[in-house]
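The structure appears below as structure tokens.
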Amino acid sequence: AAPALPGVASPSRSEAVAALGIPYAVLERHARSSDCEATDSDAFRNVGIPIGALGQTAVLYAIPCTVSGKTVTYRLYMRDTGEIGGIETLYFALHDPRFGWTGTDLLSNVRFDHAAGVLAAEYVGPGDRVCGYRASWIWQDHAFRMEQFEGPDDCRDASRPGSWARQHPR
């Protein structure tokens, strides 16, 4: 008789979803609706792609849009695999001292904590759309809710994140 093999642990839902990669429908939506670089660009060769389960039927996909130095911008999508289904481009609030609170479909240097359901992003500026930010959002039922936002009070402080103030998104 063959010796007994050790058991293999089943992957978590997040691990299983990430292993499947990005579905064609999400890639097609990204290609048709964004002004991003092509997903097969050499610039993205070593760029991570955050993918995470947000619940039983919702999956997060962060697809790289541009790369400049150490900054990678991502466009984020939520795919609902439930009965109704669908793909939604996600939008996030950012604060800039020049423009106040604005919405964007691009976040920089994205990270997703699967266990906590927390999405984090940061950009040390200055930039043309925002001077800089460090923010986090938590998945809550059907949407991301902003947990924390820090940014410069003045764009002259954009490259000094240690001096940034916490903004209150109200």
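The values are calculated or read from the model by the stated rules, or taken from the named source; none is laboratory data. From a predicted model like this one, the values you see are computed outputs, not experimental measurements. Here Cβ is always computed from backbone atoms with ideal geometry, including for glycine, and neighbour counts include all displayed protein chains. Ligands, DNA and RNA are excluded from the accessible area calculation, which covers all protein heavy atoms including side chains. Shrake-Rupley method; radii C 1.70, N 1.55, O 1.52, S 1.80 Å.
Brief remarks follow.
- The strands (runs of 3 or more DSSP E) found entirely in the stretch 1-86 include none that carry 3 or more residues being among the acidic types (D, E) and surrounded by 18 or more Cβ atoms within 10 Å (Cβ to Cβ).
- Of the set (1) over 30 Å from V17 (Cα atoms); (2) crowded, with 18+ Cβ neighbours inside 10 Å, all apply to V110 but (1).
- Pick from the stretch 55-66, criterion at pLDDT 90 or above and not small (G, A, S), ranking: farthest from E15 (Cα to Cα): T66
- Members of the stretch 115-169 found to be among the hydroxyl-bearing types (S, T, Y) and open to solvent by 50 Å² or more (accessible area, probe 1.4 Å), listed by number: S159, S163
- Strands (runs of 3 or more DSSP E) completely within the stretch 100-170 that count 1 or more residues being more than 19 Å from the chain's Cα centre (by Cα) and at positive phi: 100-104
- Among the criteria (1) modelled with pLDDT under 95; (2) touching a strand residue (DSSP E or B) at 6+ places or on another chain (Cβ under 7 Å); (3) among the polar types (S, T, N, Q), the one N109 does not fulfil is (1).
- Residue count for the stretch 99-120 under the criterion of being in contact (Cβ under 8 Å) with a residue 40 or more places away in the chain and either touching a helix residue (DSSP H, G or I) at 6+ places or on another chain (Cβ under 8 Å) or among the hydrophobic types (A, V, I, L, M, F, W, C) (or both): the result is 7.
- Residue under evaluation D141, criteria (1) modelled with pLDDT under 85; (2) farther than 20 Å from L76 by Cα, criterion not met: (2)
- Matching residues, the stretch 73-88, being touching a Ser or Thr at 6+ places or on another chain (Cβ under 7 Å) and modelled with pLDDT of 85 or more: T73, R75, Y77, D80
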